[in-house]
Every structure is written in C-alpha cells, then in structure tokens.
Amino acid sequence: MSKLTEQREKLRLTQDELAEKSGISVRTIQRIESGQMPKGFTLKALAKALQVDESYFERKEIPENNNQNMLTWNKIVNLSALPFICFPPLNILIPLALILWKKQQNPVNKQLLSIQVIWTLIGIVLFIFVLILKDWFGVESNIKMLIPVLWIGVNGFVIIRNSLVLGKGNPNCILPNINML
C-alpha cells in the first residue's frame, strides 16, 4: 500500500474527494497510488490536501526487511572473526569468505574487514617488536607475552563492541573508523 493510499484512507477520503480537494486528477492520484512518485506542484498539492509534509512521500532507499537482513549479516561477518583472532590470516579470510558467499559487499562489511586487516598488520608489527625486545633488550618473557595477549584482548573487545552496536541497528558507530577496502 502506498503512503498516499494510507494517508487518504486515514482521512477517509475517496480518490474522487482527494482529487477535488487537491486539484489533482483522479488518474494522477491512481498513478501515484500504484507507485509513481509525485513531483513539483502535484507533491505540494497532495501534501497540503492530506495535511502532511512533502517529505512524507519520499521513499526509503532500503526496504526495512532488507535493511534488517543486511544488519544481521553485518553482525555475523563481524563475529566470524572472533574465533580466529589468535590466527591472523583466518580473522580476515573467514569474514571475507562470508561476504563473498552471501554477496554482502556493503560499506559496513568493508569497514569491518578493514579493521581486521589493520589488526593483523598491527599483530605482525607487535610480533616483530616482541622479538626485538627479546634479542636487543633482554626483556623477561612475562612482559613479552603480555603484548600479544593485550593485542588479542583489544581485538576481541573491538569485535564484541561493534557487534553490540550493530545489534542496536547503528552501523555508523563502528570503531575504529577505518575503511581501506
């Protein structure tokens, strides 16, 4: 049912009555109710006759059920990296495989994948840093082990935090805001 039809029926108007009240032909009202978007004078006249703002007739870009499905897959893609945070190549490959398999190549998934790529690069740098600490500075093994554990912990925190944000339906609050894909 179109928004025009909903509002017209809400005001208990027939198409003929709306045509008379707005000065728009019945045929034009029928076309708009079947899916055509009103423009210009027609939009203004209908909005005035139906006592709504002109923006009332704007279409949503993504239907609600597709948007919910996309948010669910964004969350699944994000959480798929969690079991593999100790195995850096898999924390990228598994989410990438899900994105390609389910054809969910959207900006949010690209951002989530970018975060894992960055975390993997950081992990490689930290691994090299731990080796340097051992060889050059003679740092104890307890401190050396703390660095990778912190890296894994922070990555896990980021994944869980982003899943909670996605669960609330707000993909604009994903942190860190990195998008390199």
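Spin-label model, VAL117/SER34: points 7 Å from Cα along the beta carbon direction are separated by 4.7 nm.
List the pairs from LYS21/LYS168; LYS102/LYS168; LYS3/LYS168; LYS103/LYS168 whose alpha-carbon separation is above 31 Å, in the order I gave them. The partial results should precede the final answer.
Details: LYS21/LYS168 43 Å; LYS102/LYS168 22 Å; LYS3/LYS168 27 Å; LYS103/LYS168 22 Å.
From the list (LYS21/LYS168; LYS102/LYS168; LYS3/LYS168; LYS103/LYS168), the Cα-Cα distance tops 31 Å for LYS21/LYS168.
For SER55 and LEU175, a Förster radius of 25 Å and the Cβ-Cβ distance give a FRET efficiency of 0.20, rounded to the nearest 0.05. For Cα Rg over 2.2 N^0.38 Å, the value computed from the atomic coordinates appears in the list (1) 1.35; (2) 0.98; (3) 1.68 under label (3).
For a Förster distance of 30 Å, can you work out the FRET efficiency between the beta-carbons of LYS44 and GLN68, rounded to the nearest 0.05? Please report the intermediate quantities before stating the final value.
On the way: r = 33 Å, r/R0 = 1.11.
Calculated transfer efficiency: 0.35.
Among the helices of the chain, those built from whole DSSP H runs whose Cα atoms reach 15 Å or more along their own axis and whose mean Kyte-Doolittle hydropathy is at least 0.0 are 40-50, 90-101, 107-132, 141-167. Using 1/(1 + (r/R0)^6) with R0 = 45 angstrom and r between the beta carbons of LEU131 and TRP101, what's the FRET efficiency to the nearest 0.05? Calculated value: 0.80.
Computed from the coordinates by the stated procedures, all read-outs in this text should not be read as laboratory data. Values in this document were obtained by computation on a predicted structure and should not be read as measured data. Backbone-built Cβ (ideal geometry, glycine too); neighbour counts: all protein chains shown.
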